[in-house]
Amino acid sequence: MLHIISQFPINPSELEKTVEGDTVIFTENAVYSIKQDNTTLKWIQATLKHVNICVRKADLMIRNIDISELITGVAILEDFDWPMLESQEAVVRSWN
């Protein structure tokens, strides 16, 4: 399943619904959740170690966040990656 999360801070119940192999894309203000200096980082890393974590490069650029500021293992998506990822997943859940 593809999960798209756009709000910050993240509601814990959203991440608890992920299962192994899911993909979670952090968009808009949710990109702040996967910065290394986030106060809830340990909780997020523990929750998400079984899923694929992605972030849109455009969202990082708009918020002036460098890739080096993100937690390890985050995939950076270009705008052209987005439609391809959505088409590969059978179910998409958006958390706004």
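Simple spin-label model, 7 Å along Cα-to-Cβ: GLU28 to PHE80 in nm?
2.7
What aspartates and glutamates could a cross-link reach from LYS35, if we take a straight Cα to Cα line under 14 Å and drop same-chain neighbours fewer than 8 places away?
ASP59, ASP66, GLU69
How would you order 59-71, 22-34, 2-14 from highest to lowest mean count of nearby Cβ atoms within 10 Å?
Result, highest mean Cβ count within 10 Å first: 22-34, 2-14, 59-71.
Starting from the Cα of ASN52, step 7 Å along the direction of its Cβ; do the same at SER6; then give the gap between the two resulting points in nm.
Placing both labels 7 Å beyond Cα along the Cβ direction yields 2.2 nm.
Only the coordinates and a few stated rules stand behind these numbers; no lab work does. Predicted model, so just to flag it, every value in this text is computed and none were measured. No Cβ is skipped: glycine too gets one built from the backbone with ideal geometry, and neighbour counts run over all protein chains shown.
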